[in-house]
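Engineer: I have a structure I would like to understand better, so I am pasting it below and will then ask my questions one at a time.
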Amino acid sequence: MNTMKIQLKQLDGLALAAKGEKSNHWVMMDSSPELGGFDGASRPMEMMLMGIAGCSAMDVISILKKK
């Protein structure tokens, strides 16, 4: 079974930084000032939607390249 690990750090308030062990790239996440953030990055829910869209697009592109 393959496992995927990430590291998540709280920067300040709801500002977060996360990185995956495979890519080793940091991504920032934040929230609105009304909720305790700084409005300095994408929201976690947006990141989930971006990830789903990215995975779907990569699959479609890979399939189209094989034709």
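Engineer: Scanning for something part of a loop (DSSP other than H, G, I, E, B) and either of a type in the set (Val, Ile, Thr) or in contact (Cβ under 8 Å) with a residue 40 or more places away in the chain (or both), does region 2-14 turn up at least one residue?
Structural biologist: Just the residues of region 2-14 that are part of a loop (DSSP other than H, G, I, E, B), to begin with: 2-5, 13-14.
Filter again for either of a type in the set (Val, Ile, Thr) or in contact (Cβ under 8 Å) with a residue 40 or more places away in the chain (or both), leaving 3.
There is at least one residue in region 2-14 that is part of a loop (DSSP other than H, G, I, E, B) and either of a type in the set (Val, Ile, Thr) or in contact (Cβ under 8 Å) with a residue 40 or more places away in the chain (or both).
Engineer: Additional query: Name the one entry in Gly51, Gly37 that is open to solvent by less than 90 Å² (accessible area, probe 1.4 Å), without any contact (Cβ under 8 Å) to a residue 40 or more places away in the chain and part of a helix (DSSP H, G or I).
Structural biologist: Values: Gly37 fails: part of a helix (DSSP H, G or I).
Exactly one of Gly51, Gly37 is open to solvent by less than 90 Å² (accessible area, probe 1.4 Å), without any contact (Cβ under 8 Å) to a residue 40 or more places away in the chain and part of a helix (DSSP H, G or I), namely Gly51.
Engineer: If you don't mind, another one. Tell me which residues, restricted to region 1-34, are surrounded by 11 or more Cβ atoms within 10 Å (Cβ to Cβ) and among the acidic types (Asp, Glu).
Structural biologist: Asp12, Asp30
The values are calculated or read from the model by the stated rules, or taken from the named source; none is laboratory data. The structure displayed is predicted, hence computed values, not measured ones. Glycine gets a Cβ as well: all are built from the backbone with ideal geometry, and neighbour counts include every protein chain shown. Remember, those area values only see protein heavy atoms, side chains included, never the ligands or the DNA or RNA. Shrake-Rupley method; radii C 1.70, N 1.55, O 1.52, S 1.80 Å.
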